Amino acid sequence: MSTAIYRFARDLRLDDHAGLSAAAAHGDIVPVLIVDRDLEARLCSSPRRAAFFCCAVSALDGALRERGSALIVRHGAVAEVLQQLIRDAQAGAVAWSASYDGAGMQSDTQVQDVMEESGTRAIVVHDSPAIPPEESTAARSSGGDGYRAFAPYYETWRELAPGSYEAPLLLSFARTQLQSEKLPQPKDFGSPEAEAGAGPAPAREKLDAFLRGAGLQYAFALNVPADDRTSHLSADLTFGTIAARTIVRETHARLDDPFLLSEERASLRLFLRSIAMRDFFLQLGWYNPRSADETLQEKMRDFPFADSHPQLDAWREGRTGYPVIDAGIRQLRATGWMHPRVRAIAASFLCFDLGVDWRLGMAEWERQLVEDDPAIAIGNWQWIAGVGADLAAYPRIYNPRKQARRFDPNGVYARKWIAELAHVPGGGFDSLRLGSPQIELPLHAAQSYPRPVVDHERAAREFLKRYQEFVKPVAGHQANR
Ligand SMILES: Cc1cc2nc3c(=O)[nH]c(=O)nc-3n(C[C@H](O)[C@H](O)[C@H](O)COP(=O)(O)OP(=O)(O)OC[C@H]3O[C@@H](n4cnc5c(N)ncnc54)[C@H](O)[C@@H]3O)c2cc1C
């Protein structure tokens, strides 16, 4: 029997695995992990990410050992390492799962070219999305190169069923004498953390618990930052400790429960919509490989977002004086995760109130988040900055005070993450800064909480003026798809 190398990257599991299935068709599998400079840099930039990744890799190795195999770890440039391994394992094929951001896709193509020039079959498989980009595009009546708007994408997505792949027990792994370097450890990437609980088993437990409980109130959790009970599956999806396909199938299975209340059913459907959103941004990256540098909306390509602002550090550190934003940023810095609703408010503040380039915000959060999906980050940041797939006529500028009144009316979220406000009752933190006589000592700490670093209303209007002046000459030239 011939052998096929499978290179793991963002797909650290054996179950429901499109890449492993593709490799298995070409022989017994040699499982490989290559730590190249790009991966190393992304892991070094976020200690929690490094810890999560190392824990997931260790779980993968454990699962392989149970199958009589083991992960072969190597450091170095991907193409060179693969060539050496192909020679040593006498492999006829090599497979891995596709990237969806420009840099990742370029690297995939280069490695694929090198493999094929040297006579090895190289197979790049769609594993990360529940529905691969070509499938949603093929199902589209007007053809073309992917979707730029979410609504029609979602209409199509809902009609498609994710594929399913062999159970790990049916996969056959090669017995080789190949030596492995040691498994990556968090300290290799400068991380002091020893994250426990990353891997397919905890991811599956998280999903099951979510579908049994919090998922039934997802519509609520999505809008209540203090509730904090969205799925928290983003890092698992990033590193593929669970497949998006599995999530979709299990959610559909849950929807079959005849005893669900209609609002519970609506919540589960909303959760599926979030997974569709993920697929949408992955396909957006797939068909728009230049999106890291080039905004999707042509009319906005040269919009003069600033590359600095005197209050940029205040935003980075959660000291803007707007509690809902500062709570979100402090939650991110403390945990590596921020509630989805607050992400939108905090990102809007950076792009519009401070007028700062979305790429700076994205880079900052990439250093803080555990999850690491460049295509998804780019898609979301462009959307919020009004330069991407959101086709609203005007930028959607979030008012942080109104948002706080709506989504954190009692200040529970703000108090949880902002130590200075921990003992301030109610949600009307504004009265503090007005020197309200109702706010009495011992609220010294609250007095050290900053005043708003910019006046939101004024900043928003100034941005809209700049926006109007910029788009006026090119209005009407944008072909929205
Ligand atoms: C400015 C900004 C930046 C963001 N950056 C990232 C990022 O770098 N990586 C990332 O995975 N998500 C990003 N998101 C999307 C979303 O906020 C996170 O996926 C979500 O907060 C993760 O928490 P959760 O797993 O509990 O999500 P849930 O609400 O439970 O959703 C389940 C899953 O659906 C997917 N999902 C949900 N919303 C989105 C969305 N808007 N876009 C794409 N996928 C989505 C995620 O994989 C998520 O894990 C960003 C959103 C904004 C507004």
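The table for this structure:
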{"read-out": "Members of the stretch 404-418 that are part of a helix (DSSP H, G or I) and of a type in the set (Gly, Ala, Ser)", "value": "ALA404, ALA414"}
{"read-out": "In the stretch 100-139, residue nearest to TYR154 (Cα to Cα) [restricted to those that are free of Cβ contacts under 8 Å to residues at least 60 places away in the same chain and touching an Asp or Glu at 6+ places or on another chain (Cβ under 6 Å)]", "value": "VAL124"}
{"read-out": "Filtered residue count, the stretch 277-295, keeping only those that are of a type in the set (A, V, I, L, M, F, W, C) and surrounded by fewer than 22 Cβ atoms within 10 Å (Cβ to Cβ)", "value": "2"}
{"read-out": "Condition met for TRP315 (buried (at least 17 other Cβ atoms within 10 Å of the Cβ), outside any loop (DSSP other than H, G, I, E, B) and away from the ligand (no atom under 13 Å from the Cβ))", "value": "no"}
{"read-out": "Of all residues in the stretch 408-463 being among the aromatic types (Phe, Trp, Tyr) and at pLDDT below 95, the one that is surrounded by the fewest Cβ atoms within 10 Å (Cβ to Cβ)", "value": "TYR449"}
{"read-out": "Cβ-Cβ under 9 Å pairs, at least 6 apart or on other chains, the stretch 343-357 side assigned by TED's automatic domain parsing to the domain that holds ASP455 and within 12 Å of the ligand (Cβ to nearest atom), far side of a type in the set (Lys, Arg) and outside any helix (DSSP H, G or I)", "value": "ALA344/ARG396; SER348/ARG396"}
{"read-out": "Residue in the stretch 74-82 that is touching a strand residue (DSSP E or B) at 6+ places or on another chain (Cβ under 8 Å) and without any contact (Cβ under 8 Å) to a residue 60 or more places away in the chain present", "value": "yes"}
{"read-out": "Helices (runs of 4 or more DSSP H) wholly inside the stretch 101-171 containing at least 3 residues that are assigned by TED's automatic domain parsing to the domain that holds SER274", "value": "133-138, 150-159"}
{"read-out": "When residues of the stretch 404-423 are limited to those that are among the small types (Gly, Ala, Ser) and more than 25 Å from the chain's Cα centre (by Cα), the one nearest to ARG229 (Cα to Cα)", "value": "GLY411"}
{"read-out": "Cβ pairs under 7 Å, 6+ apart, first in the stretch 367-384 and assigned by TED's automatic domain parsing to the domain that holds CYS54, second near the ligand (Cβ under 6 Å from one of its atoms) and not in a loop (DSSP other than H, G, I, E, B)", "value": "none"}
{"read-out": "Residue within the stretch 139-147 that is touching a strand residue (DSSP E or B) at 6+ places or on another chain (Cβ under 8 Å) and among the acidic types (Asp, Glu) present", "value": "no"}
{"read-out": "When residues of the stretch 222-251 are limited to those that are part of a loop (DSSP other than H, G, I, E, B) and among the small types (Gly, Ala, Ser), the one farthest from the chain's Cα centre (by Cα)", "value": "ALA226"}
{"read-out": "Residues of the stretch 327-363 classified as surrounded by 19 or more Cβ atoms within 10 Å (Cβ to Cβ) and assigned to a helix (DSSP H, G or I), total", "value": "22"}
{"read-out": "Filter result for ARG269 (over 22 Å from ALA98 (Cα atoms) and under 18 Å from the mean Cα position of the chain (by Cα))", "value": "no"}
{"read-out": "Search result, residues across the stretch 382-425 that are of a type in the set (Phe, Trp, Tyr) and within 16 Å of the ligand (Cβ to nearest atom)", "value": "TRP383, TYR398, PHE407, TYR413, TRP417"}
{"read-out": "Residue list for the stretch 314-334, filter: over 16 Å from TRP381 (Cβ atoms), touching a residue at least 60 places away in the same chain (Cβ under 8 Å) and not basic (Lys, Arg)", "value": "ALA314, GLY318, THR320, GLY321, TYR322, PRO323, VAL324, ASP326, ALA327, GLN331, ALA334"}
{"read-out": "Counted residues, the stretch 289-312 - those being within 15 Å of the ligand (Cβ to nearest atom) and either of a type in the set (S, T, N, Q) or not in a loop (DSSP other than H, G, I, E, B) (or both)", "value": "2"}
{"read-out": "Residue satisfying all of: in the stretch 318-342; away from the ligand (no atom under 11 Å from the Cβ) and among the charged types (D, E, K, R); nearest to the chain's Cα centre (by Cα) among these", "value": "ARG333"}
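The values are calculated or read from the model by the stated rules, or taken from the named source; none is laboratory data. On a predicted model such as this, the values are computed, not experimentally measured, just so you know. Please note: Cβ atoms are built from the backbone with ideal geometry, for glycine as well, and neighbour counts cover all protein chains shown.
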